[in-house]
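Below: one structure, written as structure tokens.
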Amino acid sequence: MPQRMERAIIIGAGITGMAISAQLSQAKIHHVVVGTPPPNQAPKLGESMEMLSSVILDEMFPDLHEHFVAKRGIFFYTHKAVMGANLNLARTLHPRVDIVSIGGVSAFLLGLVGYRRPRLGAIHVDRIGFDAALERKMRASAYCTVVEAQVADVIYDAAADRITRLRLDDGRELEARYVFDASNQARVVPKALGLECRPLSDGTQRVTFAHYRATGESRTPATIAAHKNWALSSNVVRLFDPVDGVHGVGWCIPIGDYVSMGISRPADRALLDEDALALLERAMAERGIRYRQVYPDLAGTQTIETRFFVHDRVCGNNWILAGQTGCQGWFSTLTGVESSLFCASIADKLIESPERASRVYRQYIDAVVETHKGFTTFHASTVETPLAVVERRYHYTLVADLYRRLTYQAQLCNGRIAALLARFERVFLKIWIWLGKVAAKDRFCPLVVAEPAAFAQLVAHARELGQAEVAPADEARADADAPPSAALASIRAAIEAKADLLASVRLSPSLTVRIDGSPIGGLAAWRALLRRGEPRVTGVTMIAEKVEDRGGGALRIYARFHGRVDGEDRSSPMAVFDGAVDGDAIVALSTARHHLTFLLGNNARYRILFGLTRVSLALGARAGS
Ligand SMILES: Cc1cc2nc3c(=O)[nH]c(=O)nc-3n(C[C@H](O)[C@H](O)[C@H](O)COP(=O)(O)OP(=O)(O)OC[C@H]3O[C@@H](n4cnc5c(N)ncnc54)[C@H](O)[C@@H]3O)c2cc1C
């Protein structure tokens with residue numbers, strides 16, 4: 001029997017499907033996820049993030065930061081040189097690149113289109129822990145129904161370009177309001193609709209990947225310091241037949257107490273998976289990446305086959321090919337999870353105004369294809385290819401494409417001014433590169449090429465200038481023996497009951513409130529903040545979802561604001577508050593202003609003229625008291 005209610009439907013429960021579900025739940029849109037989340041023990045692909053994916057993860061999941069590891073940059077190795085892409089957003093990587101460095105312009109380019117710097121900068125993700133947390137969120141959501149079945153058939157109205165129903169392998173049928181195809185290589189919708197699929201390379205790649213774990217003694221601050229050349233970054237290594245015994249590309253992604261290693265090579269070469277991993281270990285060691293010294297214990301291997309393609313159509317009137325279902329390029333472009341998260345971050349917009357969101361998503365996919373092409377030079381190079389050829393193509397690709405890809409999400413998600421500036425930024429990037437080529441000539445080098453011998457000094461230099469080598473420990477520092485305060489107990493009870501925190505926990509009359517580090521006043525200012533709101537937002541409640549006891553009365557609260565916006569139930573993204581409690585009351589609250597966007601709106605007044613917002617809060621506090 002067909003179910004008569006039309007729902008948004010997500011095909012596939014991998015990271016793409018679950019991230020889309022998280023966004024729809026946050027937008028209070030009822031949806032169905034069809035599929036079974038993959039098991040969370042085996043190594044997974046998609047652990048190293050680009051700038052856009054780091055920004056989106058930071059914004060969408062501030063409560064899951066424990067699964068993120070800060071990295072300094074990405075290093076690309078050939079057999080005789082290392083190129084480094086600085087992603088730390090702090091300073092330049094090397095004096096040679098002062099004129100036009102990624103480090104110099106990146107924070108500016110991010111800010112211009114409305115992003116704030118992600119708390120950890122660019123990151124690696126512990127996908128085992130992160131995916132498990134995403135699955136828990138998905139299953140706990142009141143807006144999500146998980147149907148553990150497979151989509152067997154897609155009923156499509158070609159004239160209207162709409163998917164009307166999905167037939168499942170258990171015989172059920174679901175009426176579709178909108179369909180997100182997140183089935184990755186299975187490509188359920190493209191196959192059913194007969195969509196044109198353009199190959200982006202010849203042949204198939206065979207990928208073997210593994211996790212290696214540290215033991216108690218193998219990963220200490222001293223060993224990390226000794227291996228800092230690779231242990232704080234993503235490392236991509238081009239492997240050449242004449243020197244390495246295999247033609248392919250390898251990676252090394254350290255993620256806390258384990259490292260992800262992998263090798264991709266043409267599937268038609270007869271090479272056993274164990275032999276490929278052994279050659280990878282040797283080739284890495286020759287480039288100074290001796291990962292087994294830090295991570296000696298093999299903890300599982302996997303092999304898959306993959307190929308690169310793009311569909312000419314990635315969106316229809318009520319459907320989209322999400323993430324790698326629509327386009328797969330070289331993994332070293334790090335556009336895989338990025339495209340999934342982009343799609344997830346606009347999921348509600350796709351349902352509500354599909355035309356505009358689909359158009360911008362299509363433009364973004366074109367940019368992904370451009371990036372893939374840029375990387376092809378690196379991957380197709382041989383030992384004879386002049387380094388300058390690889391390097392130059394690579395620089396332009398990285399500088400231009402990394403920031404160009406950011407602008408599409410900004411255009412849809414960061415407000416009207418950012419949308420305008422996003423277009424400006426794309427033009428600016430073109431001019432920047434043109435100026436770089438003309439004015440800086442050979443010094444136009446946002447990346448650094450160094451013989452491996454010079455590499456250690458280069459990284460040491462970056463360390464002096466850039467952000468802290470290892471992100472400051474951010475773990476809960478609770479004293480396990482100390483009894484929780486009465487206020488903490490009330491917060492926990494409110495979380496359990498999903499009750500309004502503001503009605504459940506006492507705020508001290510001497511409360512201090514800080515936004516972005518600046519004091520905005522006391523209890524009256526806080527009440528003014530909630531009362532003031534955007535005129536469109538009413539009935540605000542604050543529902544906490546997690547609290548961390550950081551010891552000594554300090555705590556961190558993760559909460560969402562809920563309210564009615566233009567008459568519809570809406571909730572904010574997860575907001576983070578640092579607080580202090582004394583007895584049964586909260587005595588201090590501190591947050592960043594972007595966590596208050598739901599209350600204050602995302603407009604120029606709020607973002608640019610925050611000083612005025614503070615003044616008006618102070619006036620509101622005086623009027624209310
Ligand atoms: C070698 C390699 C390295 C990579 N490294 C990176 C990286 O460092 N950074 C990065 O960002 N990206 C990387 N990627 C890309 C990244 O791995 C993918 O983007 C990501 O894993 C895709 O997740 P997904 O949820 O879309 O797909 P999957 O995890 O494959 O999930 C798809 C789900 O759909 C389900 N499904 C299929 N058919 C049906 C059906 N008919 N009905 C219901 N469910 C169905 C499947 O069972 C599966 O669970 C890499 C890719 C490769 C190949």
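Structure summary
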{"item": "Top-ranked residue of segment 575-607 - restricted to ones that are farther than 17 Å from ILE515 by Cβ and modelled with pLDDT of 85 or more, ranked as surrounded by the fewest Cβ atoms within 10 Å (Cβ to Cβ)", "result": "GLY583"}
{"item": "Conditions (1) at pLDDT 85 or above; (2) in a loop (DSSP other than H, G, I, E, B); number of the one not met by GLU384", "result": "(1)"}
{"item": "Matching residues in segment 184-195 - criterion: being exposed (fewer than 15 other Cβ atoms within 10 Å of the Cβ) and away from the ligand (no atom under 14 Å from the Cβ)", "result": "GLY194"}
{"item": "Filter pass, ASP181 being of a type in the set (D, E, K, R), within 10 Å of the ligand (Cβ to nearest atom) and crowded, with 21+ Cβ neighbours inside 10 Å", "result": "yes"}
{"item": "Subset of segment 53-85 (residues that are touching a helix residue (DSSP H, G or I) at 6+ places or on another chain (Cβ under 7 Å) and farther than 29 Å from ARG287 by Cα)", "result": "ILE56, LEU57, MET60, LEU64"}
{"item": "ALA159 vs. criteria at pLDDT 95 or above and either more than 25 Å from the chain's Cα centre (by Cα) or assigned by TED's automatic domain parsing to the domain that holds PRO37 (or both)", "result": "yes"}
{"item": "Members of segment 12-40 that are within 20 Å of GLU338 (Cβ to Cβ) and within 7 Å of the ligand (Cβ to nearest atom)", "result": "GLY12, ALA13, GLY14, ILE15, THR16, GLY17, PRO38"}
{"item": "Residue within segment 84-91 that is within 14 Å of the ligand (Cβ to nearest atom) and at pLDDT 85 or above present", "result": "no"}
{"item": "Tally of residues being in a loop (DSSP other than H, G, I, E, B) and either within 11 Å of the ligand (Cβ to nearest atom) or surrounded by 15 or more Cβ atoms within 10 Å (Cβ to Cβ) (or both) across segment 133-171", "result": "6"}
{"item": "Considering residues of segment 309-327 that are surrounded by fewer than 24 Cβ atoms within 10 Å (Cβ to Cβ) and not charged (D, E, K, R) only, the residue farthest from the chain's Cα centre (by Cα)", "result": "ASN317"}
{"item": "Index of the failed condition, ARG238 passing every other in (1) in the same structural domain as GLY300 (by TED's automatic domain parsing); (2) in a loop (DSSP other than H, G, I, E, B)", "result": "(2)"}
{"item": "Elements of type helices (runs of 4 or more DSSP H) contained in segment 463-552, each with 1 or more residues being over 32 Å from the mean Cα position of the chain (by Cα), modelled with pLDDT under 80 and not hydrophobic (A, V, I, L, M, F, W, C)", "result": "523-532"}
{"item": "Cβ pairs under 7 Å, 6+ apart, first in segment 312-341 and of a type in the set (Asp, Glu), second not in a helix (DSSP H, G or I)", "result": "ASP312/GLU196; ASP312/ARG198; GLU338/GLU50"}
{"item": "Unique match (being surrounded by fewer than 20 Cβ atoms within 10 Å (Cβ to Cβ) and either within 16 Å of the ligand (Cβ to nearest atom) or under 30 Å from PRO354 (Cα atoms) (or both)) among THR204, THR215, THR220, THR208", "result": "THR204"}
{"item": "Scan of segment 328-345 for residues that are buried (at least 24 other Cβ atoms within 10 Å of the Cβ), more than 7 Å from the ligand (Cβ to nearest atom) and assigned to a loop (DSSP other than H, G, I, E, B), ordered by number", "result": "GLY329"}
{"item": "Flag for ALA267 being of a type in the set (A, V, I, L, M) and either in contact with a helix residue (DSSP H, G or I) (Cβ under 8 Å, 6 or more places away or on another chain) or more than 16 Å from the ligand (Cβ to nearest atom) (or both)", "result": "no"}
{"item": "Residue in segment 48-57 that is on the phi > 0 side of the Ramachandran plot and crowded, with 24+ Cβ neighbours inside 10 Å present", "result": "no"}
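The rows are residues; the columns are (1) under 24 Å from PHE561 (Cα atoms); (2) in contact (Cβ under 8 Å) with a residue 40 or more places away in the chain; (3) of a type outside the set (Val, Ile, Thr).
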{"residue": "GLU6", "(1), (2), (3)": "no, yes, yes"}
{"residue": "GLY14", "(1), (2), (3)": "no, yes, yes"}
{"residue": "ALA19", "(1), (2), (3)": "yes, yes, yes"}
{"residue": "SER25", "(1), (2), (3)": "yes, yes, yes"}
{"residue": "GLU47", "(1), (2), (3)": "no, yes, yes"}
{"residue": "LEU52", "(1), (2), (3)": "no, yes, yes"}
{"residue": "VAL55", "(1), (2), (3)": "yes, yes, no"}
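The values are calculated or read from the model by the stated rules, or taken from the named source; none is laboratory data. None of the values given here were measured: they were computed from a predicted structure. Heads up, the Cβs are rebuilt from the backbone with ideal geometry, glycines too, and the neighbour counts pull from every protein chain shown.
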